[in-house]
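Visitor: Input: one structure, supplied below.
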Amino acid sequence: MKAQEVFDTYKDCILPTYTKYPLIAAKGKGSKLWDIHNNAYLDFFPGWGVCNVGHCHPKVVQAVREQIGKLIFVPNNYYHLNQAKLAKEIVYWAFPSKVFFCNSGAEANEAAIKLSRKFGRGRYEIITFLDSFHGRTLAALAATGQKKYQEGFEPLPQGFKAVKFNDIEAVKSVLTDKTVAIMLELIQGEGGVNVAERDFVLALRKMCDEKNLLLIIDEVQTGIGRTAKMFCYQHYGITPDIVTLAKALGGGLPIGAMLVNNKISNALGPGMHASTFGGGPVICKAAIAVFKAIQKENLLNNACKMGEYLFSKLAGLKSKFLQ
């Protein structure tokens, strides 16, 4: 297909739910992306953090090639090696927990919302934060603290209260006997790269402990090494009750996961939640390769060094050009 035919086909056959740029991607390798005219680009936008280890990382490609000819799909009524290995790897890097696998961040957050309500036994309200983003499915959208994403899709599921970020008094002001959980991103991505303050997060953890609330950390964008630790919550010295993951976990392939602290992991049992394709053999093999790449190439330390370098250089540009 020539470029114009591609553009026309998208217009005629694909729902226009994304803002488009006139780049037709053909291949990728590491931090580079090539279009159909073989123009090379340095990719500063790997899909909101999906390609943490770069496009087509050799370990991910090899893992997929090895698995795809053996077993592509098996229902979750059966066991398979790759899901067991991946769950064990995630738990190793996190805290004593159990994992539920799905296909996206929105699905992981929906699972967290659903588990919270089951845990609550009549308590169902979840406190979230203004400028947050938790997904585009209805409950995740209701949890999102940005009206612009919600307009036109009302009525949304009830039970969500969005308050000012980094304001513990605002959280206290909406607590009721129906509150079951507090849900937040430690770095708000869609809301403008807003970072949670350490004292605020510690106060949330203390509040949840005192009032038997669940602390849900949405690490869909921050997880799997993006902050120079495997998980962003590890910067704060806390242990969450639930962590949600997606994006970078699959090395470019679709996956989501919910980690549930062992203290509450009996809240969901057989038949209470499911995902047909969640944790399949191919995607789990790819995700295992992501962990191997991060360790083998020392990417957490590299992220720390590069982060310091970029902060320094960007601060210099800011002082020079933004008065």
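Visitor: Within the range 232-251, can one find any residue that is in contact with a helix residue (DSSP H, G or I) (Cβ under 6 Å, 6 or more places away or on another chain) and open to solvent by 30 Å² or more (accessible area, probe 1.4 Å)?
Guide: Within the range 232-251, not a single residue is in contact with a helix residue (DSSP H, G or I) (Cβ under 6 Å, 6 or more places away or on another chain) and open to solvent by 30 Å² or more (accessible area, probe 1.4 Å).
Visitor: Provide a single number: the residues in the range 147-177 that are crowded, with 18+ Cβ neighbours inside 10 Å and of a type outside the set (D, E, K, R).
Guide: 7
Visitor: State yes or no: is Lys285 under 22 Å from Ile68 (Cβ atoms), in contact (Cβ under 8 Å) with a residue 60 or more places away in the chain and either in contact with a Cys (Cβ under 7 Å, 6 or more places away or on another chain) or open to solvent by 60 Å² or more (accessible area, probe 1.4 Å) (or both)?
Guide: Considered against the rule, which asks whether it is under 22 Å from Ile68 (Cβ atoms), in contact (Cβ under 8 Å) with a residue 60 or more places away in the chain and either in contact with a Cys (Cβ under 7 Å, 6 or more places away or on another chain) or open to solvent by 60 Å² or more (accessible area, probe 1.4 Å) (or both), Lys285 comes out as no.
Visitor: When the residues of the range 287-323 are narrowed to those that are in a loop (DSSP other than H, G, I, E, B) and at pLDDT below 95, which ends up nearest to Leu249 (Cα to Cα)?
Guide: Applying the filter and picking the extreme gives Leu322.
Visitor: Exactly one condition in (1) outside any helix (DSSP H, G or I); (2) open to solvent by less than 70 Å² (accessible area, probe 1.4 Å); (3) within 28 Å of Phe160 (Cα to Cα); (4) touching a helix residue (DSSP H, G or I) at 6+ places or on another chain (Cβ under 9 Å) is not met by Val53; state its number.
Guide: (3)
Visitor: Tell me the residue from Ile217, Ile255, Ile182 that is surrounded by 17 or more Cβ atoms within 10 Å (Cβ to Cβ), more than 24 Å from Gly307 (Cα to Cα) and within 16 Å of the chain's Cα centre (by Cα), please.
Guide: Ile255
Visitor: Let me ask another. Could you give every pair whose Cβ atoms fall below 8 Å, whose first residue belongs to the range 82-93 and is of a type outside the set (A, V, I, L, M, F, W, C), and whose second residue is in a helix (DSSP H, G or I) and open to solvent by 40 Å² or more (accessible area, probe 1.4 Å), counting only separations of at least 6 or pairs across chains?
Guide: Asn82/Lys285
Visitor: Among what's in the range 164-173 and is over 21 Å from the mean Cα position of the chain (by Cα) and not acidic (Asp, Glu), pick the residue that is nearest to Leu130 (Cα to Cα).
Guide: Lys164
One line per residue, one yes/no per condition, for (1) in a loop (DSSP other than H, G, I, E, B); (2) crowded, with 16+ Cβ neighbours inside 10 Å:
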{"position": "Lys70", "(1), (2)": "yes, no"}
{"position": "Ala84", "(1), (2)": "no, no"}
{"position": "Ala87", "(1), (2)": "no, yes"}
{"position": "Phe95", "(1), (2)": "yes, yes"}
{"position": "Val99", "(1), (2)": "no, yes"}
{"position": "Ala108", "(1), (2)": "no, yes"}
{"position": "Arg117", "(1), (2)": "no, yes"}
{"position": "Gly122", "(1), (2)": "yes, no"}
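Visitor: Here's something else I'd like to know. Test Ile294 against the stated conditions and say whether it is closer than 21 Å to Pro96 by Cβ and aliphatic (A, V, I, L, M).
Guide: The answer is no for Ile294.
Visitor: If you take the residues of the range 115-136 that are out of contact with any Leu (no Cβ under 8 Å at 6 or more places or on another chain) and touching a residue at least 60 places away in the same chain (Cβ under 8 Å), which of them is nearest to Val99 (Cα to Cα)?
Guide: Residue satisfying both the conditions and the ranking: Arg117.
Visitor: Go through (1) among the β-branched types (Val, Ile, Thr); (2) surrounded by 14 or more Cβ atoms within 10 Å (Cβ to Cβ); (3) farther than 15 Å from Met258 by Cβ for Ile113 and report which single condition fails.
Guide: So the condition that Ile113 fails would be (3).
Visitor: Also: What is the one condition in (1) part of a helix (DSSP H, G or I); (2) in contact (Cβ under 8 Å) with a residue 12 or more places away in the chain; (3) open to solvent by less than 100 Å² (accessible area, probe 1.4 Å) that Gln62 does not satisfy?
Guide: (3)
The values are calculated or read from the model by the stated rules, or taken from the named source; none is laboratory data. Worth saying up front: this structure is predicted, and the values here are computed from it rather than measured. So basically every Cβ, Gly included, is an ideal-geometry build from the backbone, and we count neighbours across all protein chains shown. Just so you know, the surface numbers come from the protein's heavy atoms only, side chains and all, with ligands and any DNA or RNA stripped out. Shrake-Rupley method; radii C 1.70, N 1.55, O 1.52, S 1.80 Å.
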